1. Report, by residue number, each residue of segment A:266-304 that is within 14 Å of chain B (Cβ to nearest Cβ), within 15 Å of A:D69 (Cα to Cα) and either open to solvent by less than 20 Å² (accessible area, probe 1.4 Å) or of a type outside the set (S, T, Y) (or both).
2. Would you confirm whether or not segment B:205-228 contains a residue that is open to solvent by 50 Å² or more (accessible area, probe 1.4 Å), among the charged types (D, E, K, R), outside any helix (DSSP H, G or I) and away from chain A (no Cβ under 14 Å)?
3. Look at segment A:44-73 and say how many of its residues are away from chain B (no Cβ under 12 Å), more than 20 Å from A:F283 (Cβ to Cβ) and open to solvent by less than 30 Å² (accessible area, probe 1.4 Å).
4. A:R256 versus (1) at the interface with another protein chain (Cβ under 10 Å from one of its Cβ atoms); (2) within 23 Å of B:G406 (Cβ to Cβ): which is the lone unmet condition?
5. Working carefully through the options B:S352, B:S336, B:S346, find the one that is hydroxyl-bearing (S, T, Y) and assigned to a loop (DSSP other than H, G, I, E, B).
6. Starting from residues that are open to solvent by 20 Å² or more (accessible area, probe 1.4 Å) and within 15 Å of B:M202 (Cα to Cα), keep the ones in segment B:260-284 and report whichever is nearest to the other protein chains (Cβ to nearest Cβ).
7. Could you tell me which numbered condition B:A416 fails, if it satisfies all but one of (1) surrounded by fewer than 24 Cβ atoms within 10 Å (Cβ to Cβ); (2) over 17 Å from the mean Cα position of the chain (by Cα)?
8. Among the listed residues A:F134, A:F147, A:F184, A:F119, which satisfies the condition of being part of a helix (DSSP H, G or I), modelled with pLDDT under 90 and surrounded by 13 or more Cβ atoms within 10 Å (Cβ to Cβ)?
Amino acid sequence: MASTLGTASPQRASRTSRWAGPGLIAPFAIFYVIFLVGPLIYTFIAGFFNGSLLKTGMGDWVGFTNYGDVLADSEFWRTLGHTLWFTVLTTIPLVLMALVLAILADRFVRGRWFIRFAFFAPYVIPSAAISLIFLWGILADQTGPAFEVVQWFGITPPSWLGDPNWAMYSIAGVTVWWTLGFNFVLYIAALQEIPRDVHEASAIDGAGPWQRIRHIVVPMLARTTVLVVVLQIVASLKVFDQIYMITGGGPDGSTRPTLQLIVDTGFTDGRTGYASVVSLFLFLVILAFSLVWFAVARRNQKES
Amino acid sequence: MTDHALSRRGLLRGGAALAAAAASATALSGCGNTIAQGFTGAPPASRRVNFWNPFTGGDGARMVAMVDAYKKAHPRNTLKATTFVWGNPYYTKLSLSAVGDRPPQVAIAHLSKVPVLAEAGLLRELREDELAKHGMTPDKFDTKPWKKAHYGGKLQAVPLDTHPFVLYSRTDLAKKAGLLDGDGKLTDLDGPDKFIDALKAMQEVTKGFGLAIASNKDPSTQFRLFYSFYRQLGGTPLVTDNGLTVQVDMAAAEEALAFIRRLATEKVVPTGSDGAGAITMLTTGKAGFLFDGVWQVISVQESKVKFDMQPVPRIFSDAPYACFADSHALVLPKASTEEAQRLDLSLQFCGSLLQSSAEWAAGGHVPAWLPTQQSAAYKKLEPQSHYTAAADGAVYDPVAWYGGAGSNLQVEVGDATIGALKGYLSPKAGAERIRSELKKLASVESPI
C-alpha cells in the first residue's frame, strides 16, 4: 500500500509494511488459534485425564489409559470401519459420476443452465431437510416410493434403513444424490478452462469424440481430479449429520460413524477424556489420508 | 497515509466503543435477557421461572395448555417454557446447564433418569414440609412413582404420571375375530399359547398381521417389550449396584427372546415396521393389536377407529405381574444460590401442573396425582382409565448411569431383541449378547 502511494518516507513505509502482513492476517489467525489450535491442544491434554462432563475440573491424570482403552475397544474399530466404508462407497461414485455428468452437460448448448441447475440443486438443500425427505418419504418402510418401485419388479424390498445389511448403502445413496452437485460444478469450471483450439487441433488430427475425452479432456482435468478427490475423502471421513438424523447410527449400530462415537461418549456419556482420544485418532486418520494423497498427486505432477 | 492509519485506528476505537456500549446495554437491561444470563450466570428476574421439557407432538400441546393455565392463574409471575428434543440430547443439556450453574428452575425428567441426576448431585433435594406448603402431601401421590422419586432416602422429584407399555386393540376387528366376551372385553390373552391363538384369530380378520410392533429404528420399543416379558418370567433387574454389577437371568432372557422370535416365525407380527408404521398398521386395519406406549393414544384416536387399550397381557406367570413403565416427574436442578433456586415459586408451579393432571391424563399418561386419578371424571375417560392397573405392575428401567429413557442400555438390549425377532440372533445368542454388552457398559468408569 505504501509503495503504491509513494509519498511516505522510506522509514515510515517499511514500518507500515512490516505490520501490514501480520495485521491483515490477524483477524483470521486469532480465530484460528482460538477455535482450532486451542481446542486441538486442549483435546490432546484432556486425553490424559478421566474428565467428566458432569463434574467440574479436568478429572484425574490417567496417563495413556484412555489410549489403551480406545485401541482395545472393538466399537472404535467398528465405527472407524463404517467411516472408511462410507468413504469408499461415496468417494468413487461422487468423483466418477461428477466427471461423467460434467462432460455430458458440457456438450449441451441449449438449456445448459437448466442441466447445471438440476444437478447442483440438491446440494443447496440443508442436511436436515435431506434427512427428513428420505427418512419419512422416499426410504420409508412399506409406504415410501423406493419400496413401491422395487415391488413393481416383483422383488420384495428390504427395509432400506431398518436392515443392517442395507442401511449403509441407503445412506451412501442419499449422500451421492445430495452432494454430487459440488464436484459437478468443480468439473464444469475446469472443463471450461480447456481451450477450444486444443479440441479443434485434435479433431483435425483425426481424434474421435471418445479419444478426445480419454486423451485430452481427462488428462487436462487431472489437477481438478486431485482436488475433488481430496475434498471428497475429507468430507466423507467427517460424515455425521445425515447419519445422525436418518438412522441415529442404527440399526444395530451398523451405520455408526466414528464422529458419532465421539458425540455419544463425549456428550451423552460425559466421558470427555475418552472422547478426546477418539477424536484425536480420527483427526490423525484424516490428516494421514490428506497428506498421502497430496504427496502422491505432487509426485505424479512432477513426473508428467 | 497517516490519515489512513489514523482513520483505521479510529474505526477500531469506534468499534470497541460500540461493543462496550452494547455490552453495558445488555448488562443494564439485566436479568430479563436470557442471552446475557448465559454469559454472566446471573439469576433471571425475580418472579420468573424457567421450565424445560422434552415434549413435542400431542404431549407438547398438552404441556403448553397446562403452562397457560398456570400463567392465567399467576399473571404476576413470568414463566418461560422451553422445549427440547426427547432422549439423550435433552439430558445432556439438562446436566450441562446444572454443571455450568445456569439450570432452569424446574425441568421434566423421567424417573428412570432421576437416580443418575441425583447421584451426580445435580438435583435440589426436596423436603416434605416444603412440598406441603403448596398442597403436595405424600398421601396425594400414587405410591409407586412416589417411591421411585426417592433416591438415597431423599425425595428428588415430584412425580407427574406413570406411562406404561400397553396393548392397543381394534374392538371392531376383535369382535369379528370372536375375541370379545359379552361385555365387549377381550378375553383369553394370558399365556404364550393363548396369546398367539388370539393373534392368529385376529390375523384371519385383518388378512395382514395379528399384532403390530415397531422394530426398525426403534430399539427402545423392543427393549420395553423384552423387559416386560423378562420381568414376568422372574428375571432380575439386568444390572444392580447402580450399574456396576451385571446380573442377567440367562434362562429368563432366553425364554423371553424365544417367545419374541416365535411371534415372528408364526408370522403374526411384522418384522420390518417402524414406529409410525406400526401405528398405521393398527389404524388401517392391517393389524388388530399394537404394542406401544400409552402416549400414542392421541395418534390412534385421531384416526377415528374403534379401539381399546389394556395392560400388557400376562404372558408368563413365573413372577408377579410386570410391564415396562416410566414416569415423568418435575425436578428442581440445583442452582448456585437460593435466589436463583426460587424454591417456593418453583414448587408453586409444580403444584399448578399437578392440578392440571386431568389435561395430562387425556394424553394417555396415568396421573400420579391421586385427586385426579381417583376422580369420577378420570374414571369416565375412555380408554385412558382402562389401564390404570398397569401402573401397579410397573417396572422401571434398571438403575445405572448408562440406563433410563433413550439410554445406551435401552439401545443395546433393544438391538439384541431386534436381532432375535428378525432371526439373525438365536434366543441364546441374544441373551448372551445382552449380557456381554451390559458387561461392557458396566466396566466403563462411571462419569458421575
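1. A:G266, A:R271, A:G273, A:Y274, A:A275, A:S276, A:V277, A:V278
2. There is at least one residue in segment B:205-228 that is open to solvent by 50 Å² or more (accessible area, probe 1.4 Å), among the charged types (D, E, K, R), outside any helix (DSSP H, G or I) and away from chain A (no Cβ under 14 Å).
3. Within segment A:44-73, residues that are away from chain B (no Cβ under 12 Å), more than 20 Å from A:F283 (Cβ to Cβ) and open to solvent by less than 30 Å² (accessible area, probe 1.4 Å) number 1.
4. (1)
5. Values: B:S352 fails: assigned to a loop (DSSP other than H, G, I, E, B); B:S346 fails: assigned to a loop (DSSP other than H, G, I, E, B).
Residue meeting the stated conditions: B:S336.
6. Applying the filter and picking the extreme gives B:T284.
7. (1)
8. Residue meeting the stated conditions: A:F147.
The values are calculated or read from the model by the stated rules, or taken from the named source; none is laboratory data. Because the structure is a prediction, the values reported are computed rather than measured. Neighbour counts run over all protein chains shown; Cβ positions are idealised from the backbone, glycine included. Side chains are part of the model used for accessible areas, which takes the heavy atoms of the whole protein and leaves out ligands, DNA and RNA. Shrake-Rupley method; radii C 1.70, N 1.55, O 1.52, S 1.80 Å.
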